[in-house]
1. Go through (1) touching a residue at least 24 places away in the same chain (Cβ under 8 Å); (2) out of contact with any helix residue (DSSP H, G or I) (no Cβ under 8 Å at 6 or more places or on another chain); (3) open to solvent by 50 Å² or more (accessible area, probe 1.4 Å) and name the single condition R361 misses.
2. Sort out which residues of segment 270-298 are touching a helix residue (DSSP H, G or I) at 6+ places or on another chain (Cβ under 7 Å), open to solvent by 20 Å² or more (accessible area, probe 1.4 Å) and at pLDDT 90 or above, and write them in order of number.
3. Tell me, which residue of segment 193-221 that is closer than 15 Å to Y177 by Cβ, among the hydrophobic types (A, V, I, L, M, F, W, C) and without any contact (Cβ under 8 Å) to a residue 24 or more places away in the chain is surrounded by the fewest Cβ atoms within 10 Å (Cβ to Cβ)?
4. Name, by its number, the condition in (1) within 20 Å of A311 (Cβ to Cβ); (2) open to solvent by 40 Å² or more (accessible area, probe 1.4 Å); (3) not charged (D, E, K, R) that does not hold for G156.
5. What number of residues within segment 159-192 satisfy the criterion of being more than 17 Å from R297 (Cα to Cα), open to solvent by 40 Å² or more (accessible area, probe 1.4 Å) and within 28 Å of the chain's Cα centre (by Cα)?
6. Select the strands (runs of 3 or more DSSP E) contained entirely in segment 368-441, then report the ones holding at least 2 residues which are open to solvent by less than 70 Å² (accessible area, probe 1.4 Å) and farther than 28 Å from Q22 by Cβ.
7. Count, please, the residues in segment 235-256 that happen to be without any contact (Cβ under 8 Å) to a residue 24 or more places away in the chain and either closer than 21 Å to A141 by Cβ or touching a strand residue (DSSP E or B) at 6+ places or on another chain (Cβ under 9 Å) (or both).
8. For D49, only one of the following conditions fails: (1) closer than 19 Å to D281 by Cβ; (2) open to solvent by less than 60 Å² (accessible area, probe 1.4 Å); (3) modelled with pLDDT under 85; (4) among the acidic types (D, E). What is its number?
Amino acid sequence: MSKPRPISGFPEWLPPQRMIEQRFLDKIKDVFELYGYAPLETRAVEPMDQLLRKGETSKEVYVLRRLQEDPASGAEDSLGLHFDLTVPFARYVLENSGKLQFPFRRYQIQKVWRGERPQEGRYREFLQADIDVVDRDTLPAHYEAEMPLVIGDALGSLPIPKVTIQVNNRKVCEGYYRGLGVGDPEAALRAVDKLDKIGPARVGQLLVETAGASEAQAKAVLALAEISAPDASFADSVRALGVSDPLLDEGLAELVAVVETAAAYAPGLCVADLKIARGLDYYTGTVYETQLAGFERFGSICSGGRYDNLATSGNERFPGVGISIGLTRILGLLFGAGKLGVSRDVPTCVLVALADEEHRRSADGIAAALRSRGIPVEVSPTAAKYGKQIRYAERRGIPYVWFPGDPDSVKDIRSGDQVDADPATWSPPAADLHPVITELQ
C-alpha cells in the first residue's frame, strides 16, 4: 500500500489535541445544561429538498448515495449530509412536536459537512455545538437576549482569548431598506453580508446590480452598516439617518433589549454591529456573530439568530432562536497559532513498574485498585530495567511511577521525591490527576 495522502478540510487531531477538544466539549456541555438545555442528536442525512428549503447552500451540500445507484433512477429520495444543525433540528421538532414540552430547549453537539474551499479555520467536516429554543406559535423576544449570555459563559469557561459577540436584527435592516425604498431587501441583506470579504465599494455595486438600489440608496445602506456601539446608543444613530418604517422600529426595540440585557449581566460581551446580516435566508430577527480576539481576520467563530418560519407545516408553526459554536474552527485557529497546550500527552497519571513478567498479574491488581478510585493508570509494557521504565514514563509525560514492593512506593519523577504508598489510600495532587489545558502566550 502506498503512503496515504491527507484529504484537506477533514482534520484529524493528534491525541493531545483530541484531549483538549474533549475537555472543551465537557465544559461547553456543562454550561449548556446549567441553563436547562437538554441533549439531542439528529441523523447525519436529510432529504435534499429539506436541506435546500432556505438559504443559498446548494453548492456546499454533499450528496449521499450508494456507489452502484443510478442518480437518475429516482429509486430513493435524494439525501445529503447536513451542513448545519438548525435545519435538521427544525425537521425534528415538526416530527416530534406531540412528544415535546414547549418551550423546548436543546443543545446538540455533532459534526456537519460543507463542500467549501478548505483554508485555515475553515473545514469541510467540523464539529458544532448548538443551542436552540423553540416554542409553539410564538416565541418571546427575551430568548434572543439569553443566547449571548449562555455563549459568554460557555466560551468564558475555556482557556481561549476574549470573545466579542456582535449582534444585529434583520428587522432593523429590512425595515430600513423598505423605508429607503430598496427594491429587493433580501438581496440587499445578502450583499451587506459580504462587506468584510469584498469591501464597501463592491458591496455598493452589488446593491445596485442585485437589489435594485440607486446609488443614493446604496450609500444610505452602507451608512447603516457603519453603525456600531457597545450600548443602546446605536438606536439614536440609526434614527439620525432619517429613515422610518414600523419594522425598523420593532427591530430597534428588540435589539436594544438584547444589548441592554448583555450589558447588565456580562459587561463588554456584546456590541451592536449593524453590518452583521448572516447569509442564510431563514433568519428573521436577532442575528449573532462572534469574534475571537487576535483572530478577527478569520471571521466569526460562533453564529446564529432568530428564525420564525423554518419549522412550519400547514397550520403548525414553531419559531425559534439559536446559536452555534464552531468548535473545530476555534481549535484549528488556536492549534495553528500554537496557543493551546496540555500538561501531558496521555491521560495516564501513574505507571506501575514491573520487576519481571512473573509479577504482571500483581501489577495489574495495583493498577485496578488505583483505577477504582478514579486515578488513570497503565502498567509498564515490559519488565525492563527500572531506569528504562522511568524514561518511558518521562517520554509520555506520566508524572508518577509506582514500584511494587514491601511496602510499595511511588515516585514523582519530576522532582525525584519518592514515598511509601498504599494503592487503597494514595492519591496524587488534584492538579496531576488529569492533563491540564493551558493557554500559551
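The values are calculated or read from the model by the stated rules, or taken from the named source; none is laboratory data. A quick note: this is a predicted structure, and the numbers were derived from the prediction, not measured. As a convention, Cβ positions derive from the backbone with ideal geometry for all residues, glycine included, and neighbour counts pool all protein chains shown. Quick note on the areas: whole protein, heavy atoms, side chains included, nothing else; ligands and nucleic acids left out. Shrake-Rupley method; radii C 1.70, N 1.55, O 1.52, S 1.80 Å.
1. Answer for R361: the failing condition is (1).
2. Of everything in segment 270-298, those that are touching a helix residue (DSSP H, G or I) at 6+ places or on another chain (Cβ under 7 Å), open to solvent by 20 Å² or more (accessible area, probe 1.4 Å) and at pLDDT 90 or above turn out to be K275, T284, F298.
3. Among them, the one singled out is A216.
4. It is condition (1) that G156 fails.
5. 2
6. 409-412
7. Start the filter on segment 235-256 by keeping residues that are without any contact (Cβ under 8 Å) to a residue 24 or more places away in the chain, which leaves 235-237, 239-240, 242, 253.
From the residues that got through so far, the ones that are either closer than 21 Å to A141 by Cβ or touching a strand residue (DSSP E or B) at 6+ places or on another chain (Cβ under 9 Å) (or both) too are 235-237, 239, 253.
Residues flagged as without any contact (Cβ under 8 Å) to a residue 24 or more places away in the chain and either closer than 21 Å to A141 by Cβ or touching a strand residue (DSSP E or B) at 6+ places or on another chain (Cβ under 9 Å) (or both) within segment 235-256 amount to 5.
8. Of (1) closer than 19 Å to D281 by Cβ; (2) open to solvent by less than 60 Å² (accessible area, probe 1.4 Å); (3) modelled with pLDDT under 85; (4) among the acidic types (D, E), only one is false for D49: (2).
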